[in-house]
Amino acid sequence: MSVIDLRSDTVTQPTPGMREAMANAPMGDDVYGEDPSVNKLESELALRLGFARGLFVPTGTMSNLLALMAHCERGDEYIVGQQAHTYKYEGGGAAVLGSIQPQPLEVQADGSLDLKQVAAAIKPDDFHFARTRLLALENTMQGKVLPTEYLAAAGRLTREHGLALHLDGARLYNAAVKLGVDAGDITRHFDSVSVCLSKGLGAPVGSVLCGTAELVSRARRLRKMVGGGMRQAGQLAAAGLYALDHQVARLADDHANAQLLAEGLRAAGYEVEPVQTNMVYVQIGERAEALKAFAAGQGIRLSAAPRLRMVTHMDVSRSQIEQVIAVFAEFSLQ
Ligand SMILES: *Cc1c(COP(=O)(O)O)cnc(C)c1O
């Protein structure tokens, strides 16, 4: 029985085409700047997203950390969502390693930060305060897509106040596919963007930070400092290039599967939040552990949470989603 893993879109296996691209990748020592595959990935993605340079890093966490540290000095501050990955799920790295103070704000129901609250949180130039330097947004945010008009307004606000604007675009391409726009139409509002290759795009490892030449050269120095300078990383970069060329448009299938899952679970009596991309949130309440165990017995891997997140990805088919719906329906009758 093949396992259906809905815990995250990070669990995918490389496709045969991707493995072949990896096996054939030209390589060199990237710390010397000599890995042709890494160089190609960095310049290709920067070009596509409208930035001067890109930087290949092992993880999205490192990518966001380097961006925050490249934008901010010690004693500076960044404004960020209370539920944002950068703030909540990265071990407080910006504070620990960068001495950068976070100013978290509650995330709105649509995944955005209220720009009036952002404006009010920007501190005046006064030695009592940390210097507010950066606004960090996330898109998609728990599966929700930020409207491009909102991004434009955030861009205007940050320019007006002399702040930089960073995007945690771990799932940038889910947002672009959902909106039916070029990813560059999203990223053009930002000064830097971090993109994960290892989520829905299906590469085994890696993220890319894009920005100006100056920002990326600061980030490159910081990457070495935190131990992220990799040597013959070309195989990993080749997987990322393959994903960008072959596995972007198919994210629409994941979104359709997430819709199907949501509708099926609603029909089975579950309370399901509206779905936009590849994430389905369901209220399970106290039975979360019981559901996890029951599903595991049927070959389905879930997290255990009262508000359960399920994520669709390339290793889950439409017919497997139908199986999952049947298992949930059976569980609800117990
Ligand atoms: C996964 C993720 C990251 C980075 O995660 P890594 O596991 O460090 O690659 C950053 N932001 C968001 C929103 C994510 O989902």
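The values are calculated or read from the model by the stated rules, or taken from the named source; none is laboratory data. Because the structure is predicted, anything quoted here is derived from the model rather than measured. Every residue, glycine among them, receives a Cβ derived from its backbone with ideal geometry; neighbour counts consider all protein chains shown.
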Response to the item:
Residues of region 1-48 being in a helix (DSSP H, G or I), of a type in the set (Gly, Ala, Ser) and either modelled with pLDDT under 95 or within 22 Å of the chain's Cα centre (by Cα) (or both), in sequence order, are Ser43, Ala46
Worksheet item: Which number in (1) touching a helix residue (DSSP H, G or I) at 6+ places or on another chain (Cβ under 7 Å); (2) surrounded by fewer than 22 Cβ atoms within 10 Å (Cβ to Cβ) marks the one condition that Arg188 misses?
Response: (1)
Item to complete: Restrict the check to region 48-65 and report whether at least one residue is over 18 Å from Arg223 (Cβ atoms) and of a type outside the set (A, V, I, L, M, F, W, C).
Response: yes
Practice prompt. State which residue is surrounded by the most Cβ atoms within 10 Å (Cβ to Cβ) when the search covers only region 280-331 and only residues that are touching a Gly at 6+ places or on another chain (Cβ under 6 Å) and farther than 17 Å from Thr12 by Cα.
Written response: Ile325
Fill in: Members of region 132-162 found to be part of a loop (DSSP other than H, G, I, E, B) and either in contact (Cβ under 8 Å) with a residue 60 or more places away in the chain or not assigned by TED's automatic domain parsing to the domain that holds Lys178 (or both), listed by number
Thr140, Gln142, Gly143, Val145
Discussion item. For the condition part of a loop (DSSP other than H, G, I, E, B) and among the small types (Gly, Ala, Ser), what is the one hit in Gly240, Gly228?
Written reply: Gly228
Item to complete: Filter region 180-200 down to residues that are in a loop (DSSP other than H, G, I, E, B) and under 13 Å from Ala46 (Cα atoms) and give me whichever is nearest to the ligand (Cβ to nearest atom).
Response: Phe190
Practice prompt. Taking Ala290 as the residue in question, decide whether it is farther than 27 Å from Leu146 by Cβ and not aromatic (Phe, Trp, Tyr).
Written response: yes
Discussion item. Which condition from (1) touching a residue at least 60 places away in the same chain (Cβ under 8 Å); (2) closer than 23 Å to Val248 by Cβ; (3) not β-branched (Val, Ile, Thr) is the one that Leu215 breaks?
Written reply: (2)
Worksheet entry | Pair list, Cβ under 8 Å, 6 or more apart: region 69-90 residue over 22 Å from Asp114 (Cβ atoms) and in the same structural domain as His161 (by TED's automatic domain parsing), other residue within 10 Å of the ligand (Cβ to nearest atom) and at pLDDT 95 or above | Glu90/Thr61; Glu90/Asn64; Glu90/Leu65
Discussion item. Could you go through region 220-228 and let me know if any residue there is more than 15 Å from the ligand (Cβ to nearest atom), among the charged types (D, E, K, R) and surrounded by 19 or more Cβ atoms within 10 Å (Cβ to Cβ).
Written reply: yes
Response to the item:
Checked pairs for region 252-271, first under 14 Å from Ser319 (Cα atoms), second among the acidic types (Asp, Glu), C-beta under 8 Å and 6 or more apart or across chains, list as Asp254/Asp9; Leu260/Glu322; Gly264/Glu322
Discussion item. Could you go through region 205-216 and let me know if any residue there is in a helix (DSSP H, G or I), more than 16 Å from the ligand (Cβ to nearest atom) and surrounded by fewer than 19 Cβ atoms within 10 Å (Cβ to Cβ).
Written reply: yes
Item to complete: Taking Lys178 as the residue in question, decide whether it is buried (at least 23 other Cβ atoms within 10 Å of the Cβ) and more than 16 Å from Leu134 (Cβ to Cβ).
Response: no
Discussion item. One residue is enough: does region 77-90 have a residue meeting the conditions of a type in the set (Asp, Glu), buried (at least 16 other Cβ atoms within 10 Å of the Cβ), under 29 Å from His128 (Cα atoms) and within 16 Å of the ligand (Cβ to nearest atom)?
Written reply: yes
Item to complete: Please tell me if Ala252 is surrounded by fewer than 21 Cβ atoms within 10 Å (Cβ to Cβ) and more than 29 Å from Ala70 (Cα to Cα).
Response: yes
Fill in: region 135-150, residues that are within 16 Å of the ligand (Cβ to nearest atom) and either surrounded by fewer than 16 Cβ atoms within 10 Å (Cβ to Cβ) or not β-branched (Val, Ile, Thr) (or both)
Leu135, Ala136, Leu137, Glu138, Asn139, Met141, Gln142, Gly143, Lys144, Leu146
Worksheet item: Of all residues in region 256-279 being touching a Ser or Thr at 6+ places or on another chain (Cβ under 6 Å) and within 10 Å of Gly143 (Cα to Cα), which is surrounded by the most Cβ atoms within 10 Å (Cβ to Cβ)?
Response: Asn278
